[in-house]
Amino acid sequence: MAIDTQLEYGIGTAVFVLEHASEKLTPEEADREFSETTKENFWRMWPSVREWAEALWQMLEDERGSMARPALDEELDDVGGGG
């Protein structure tokens with residue numbers, strides 16, 4: 001099943017906007033400043049969005065997380081300093 005390019009772009013944009021918002025205001029500020037409609041939509045939709053995002057994140061972590069971890073074989077760990 002091929003993904004719709006617009007859908008992929010939308011997800012990328014949404015993640016960028018959420019990260020930007022999290023850097024610009026605290027949850028307390030958002031609660032104080034956001035409209036009731038925005039807060040209601042977030043409250044209503046977030047559980048399914050969170051579940052989906054956590055599942056995707058876990059798949060990516062399983063796939064890519066080991067790439068960022070140090071090698072467990074000490075013979076592969078070249079620390080230099082010899083010679």
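The values are calculated or read from the model by the stated rules, or taken from the named source; none is laboratory data. Predicted, not measured: the structure shown is a model, and the values here were computed from it. Virtual Cβ from ideal backbone geometry, glycine too; neighbours counted across all protein chains shown. Ligands, DNA and RNA are excluded from the accessible area calculation, which covers all protein heavy atoms including side chains. Shrake-Rupley method; radii C 1.70, N 1.55, O 1.52, S 1.80 Å.
Per-residue answers, yes or no, for (1) open to solvent by 100 Å² or more (accessible area, probe 1.4 Å); (2) among the hydrophobic types (A, V, I, L, M, F, W, C); (3) touching a Ser or Thr at 6+ places or on another chain (Cβ under 8 Å):
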site: Ile3; (1), (2), (3): yes, yes, no
site: Ala14; (1), (2), (3): no, yes, no
site: Glu23; (1), (2), (3): yes, no, no
site: Glu29; (1), (2), (3): no, no, no
site: Ser35; (1), (2), (3): no, no, no
site: Asn41; (1), (2), (3): no, no, no
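Out of curiosity, is Trp57 at pLDDT 95 or above, open to solvent by 100 Å² or more (accessible area, probe 1.4 Å) and in a helix (DSSP H, G or I)?
Details: at pLDDT 95 or above: yes; open to solvent by 100 Å² or more (accessible area, probe 1.4 Å): yes; in a helix (DSSP H, G or I): yes.
Answer is yes for this residue.
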